[in-house]
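Undergrad: Just dropping this structure here.
The values are calculated or read from the model by the stated rules, or taken from the named source; none is laboratory data. The model shown is predicted, which means the values in this text are computed figures rather than measured ones. Cβ: placed from backbone, ideal geometry, glycine included. Neighbour counts: every protein chain shown.
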Amino acid sequence: MTAPMSPTADGALRRLVRAATDRAGAAEARCDMCRTAVPAEHRHILDEQRDELLCACQACALLFDREAAGRGHFRLVPRRRLRLPALDADELGTPVGLAFFVVGTDGSVSARYPSPMGATRWGVAPGTWRGIVRRCPALGDLTPLVEALLTNTTHGRHEHWIVPVDDCHRLVAVIRREWRGLSGGLRVWPAIDGFFADLGRRPASPVRAARPVHLTGQGRAGPAGRG
């Protein structure tokens, strides 16, 4: 893993936290594409050029449900939540128990650690990611930018998930909202446990059968497949 970048809240995270705050005082949330009212549980679209998550109504989500529809500008965030077998924390190289990994369109992989200041980002060495994908081929199917490997090994947990990237930003928002003092206080860890319990209550997709791993560029995994 390469040297860490400065702690920062990504544009998408800033947008999601700000939207959550706005919704708390508003009568209803609205689709960022067409301004139609949306329910509390709704889809998101990633604006790649602005690095922002946009709220989407059902009609707009359906419009961008095909990869070509966004023309390299918009990507619909998937809804897949898949629990994986435990991964080797040493191999992942994460110095903290909570982290999520996102694959870029160029095949580069960044690890981000939720914190009360936002998300600290690290670059993952291509060879490290290739080794992880060989051991867990399902990770080779991560949709760039909008799906993530989410890991939780805090307090003896062994949870590893493929999740929509907006789930990761929600986790960061939970930590920022509940953190108190230097160590987090009494509220943050129960809130984190509740977040992962909610993931576990959702219908889980079975791990797909392993397929050959094809790697291109800087560690990019083609269709195939620590904390």
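Rundown of residues vs (1) crowded, with 17+ Cβ neighbours inside 10 Å; (2) closer than 18 Å to Glu147 by Cβ; (3) of a type outside the set (Gly, Ala, Ser); (4) in contact with a helix residue (DSSP H, G or I) (Cβ under 9 Å, 6 or more places away or on another chain), yes/no style:
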| residue | (1), (2), (3), (4) |
| --- | --- |
| Leu76 | yes, yes, yes, yes |
| Arg79 | no, yes, yes, no |
| Asp88 | no, no, yes, yes |
| Val96 | no, no, yes, yes |
| Val109 | yes, yes, yes, yes |
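Undergrad: Residues that are at pLDDT below 70 and either small (Gly, Ala, Ser) or on the phi < 0 side of the Ramachandran plot (or both): does segment 174-182 have at least one?
TA: As a first pass, look at segment 174-182 and keep what is at pLDDT below 70: none.
Looking through segment 174-182, none of the residues is at pLDDT below 70 and either small (Gly, Ala, Ser) or on the phi < 0 side of the Ramachandran plot (or both).
Undergrad: Another one. Counting only residues that are modelled with pLDDT of 75 or more and of a type in the set (Val, Ile, Thr), which one in segment 1-58 is farthest from the chain's Cα centre (by Cα)?
TA: My answer is Thr36.
Undergrad: So how many residues does segment 114-157 have that are part of a helix (DSSP H, G or I) and surrounded by fewer than 16 Cβ atoms within 10 Å (Cβ to Cβ)?
TA: Residues meeting the conditions: 6.
Undergrad: Pull out all pairs, ordered by first then second residue, where Cβ-Cβ is under 8 Å, the residues are six or more apart or on different chains, the first lies in segment 36-65 and is within 13 Å of Val165 (Cα to Cα), and the second is acidic (Asp, Glu).
TA: What qualifies is His44/Asp166; Ile45/Asp32; Leu46/Glu52; Asp51/Asp10; Leu53/Asp47; Leu53/Asp166; Leu54/Asp32; Leu54/Asp47.
Undergrad: Here is a check on your reading of the model: is Ile132 within 15 Å of Leu92 (Cβ to Cβ), within 13 Å of the chain's Cα centre (by Cα) and not assigned by TED's automatic domain parsing to the domain that holds Glu41?
TA: no
Undergrad: Consider segment 71-113. How many of its residues are among the aliphatic types (A, V, I, L, M) and assigned to a loop (DSSP other than H, G, I, E, B)?
TA: So in segment 71-113, the residues among the aliphatic types (A, V, I, L, M) come out as 76-77, 82, 84, 86-87, 89, 92, 96, 98-99, 102-103, 109, 111.
Still in the running and assigned to a loop (DSSP other than H, G, I, E, B): 77, 84, 86-87, 96.
Qualifying residue count, segment 71-113: 5.
Undergrad: Restricting to segment 57-69, count the residues that are surrounded by fewer than 17 Cβ atoms within 10 Å (Cβ to Cβ) and outside any loop (DSSP other than H, G, I, E, B).
TA: From segment 57-69, those surrounded by fewer than 17 Cβ atoms within 10 Å (Cβ to Cβ) are 58-59, 62, 65-69; that's our starting set.
Now drop any that are not outside any loop (DSSP other than H, G, I, E, B), which leaves 58-59, 62, 67-69.
Going through segment 57-69 one residue at a time, the tally reaches 6.
Undergrad: So, one more: Which residues, taken from segment 158-203, are in a loop (DSSP other than H, G, I, E, B) and either of a type in the set (Gly, Ala, Ser) or farther than 14 Å from Arg83 by Cβ (or both)? It would help to see each step written out before you state the result.
TA: If we filter segment 158-203 for residues that are in a loop (DSSP other than H, G, I, E, B), which is where we start, we get 158, 179, 181-183, 185-187, 202-203.
Across segment 158-203, the qualifying residues are Trp179, Gly181, Leu182, Ser183, Gly185, Leu186, Arg187.
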